[in-house]
Amino acid sequence: MSTINITNARKDLYNLVESVSLYHEPALIVGKKTSAVLISEEDWRAIQETLYLDSIPGMTKSILDGAQEPIDDCTPEEKVIW
């Protein structure tokens, strides 16, 4: 995670936002009294989705079990009825 002081972050906010979004690397913005982390919207949404899925009882185990399933044992996408 890169670190930048708040004054420089303010001066170069456009480029900072572009960099965070492009490289998916958070930026720690350090102020005199507090600090904050800037992340891309896409990364924020991914974090929120992960937290939501993890809050469902048994979901984490189900995902991990599914990841261990051999691909040959899976139903082909074209045969799935939505």
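Values in this text are rule-based calculations from the coordinates and carry no lab data. Predicted, not measured: the structure shown is a model, and the values here were computed from it. Neighbour counts are summed over all protein chains in view; Cβ atoms, including those assigned to glycine, are modelled from backbone coordinates with ideal geometry.
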Check: Restricting the count to DSSP beta bridges whose residues both fall in the chain, what percent are antiparallel, rounded to a multiple of 5?
Finding: 50 percent
Check: Convex hull over the Cα atoms of the chain, averaged projected area in nm²?
Finding: 8.8 nm²
Next item on the list: Compute the longest continuous run of the chain that contains no exposed trypsin sites (Lys or Arg not before Pro); treat a site as exposed when its DSSP state is not H, G, I, E or B and it has at most 14 other Cβ atoms within 10 Å.
Entry: 34-82
Next item on the list: For helix 41-55, report the angle its Cα long axis makes with the longest principal axis of the Cα atoms of the chain; keep it between 0 and 90° and round to the nearest 10°.
Entry: 50 degrees
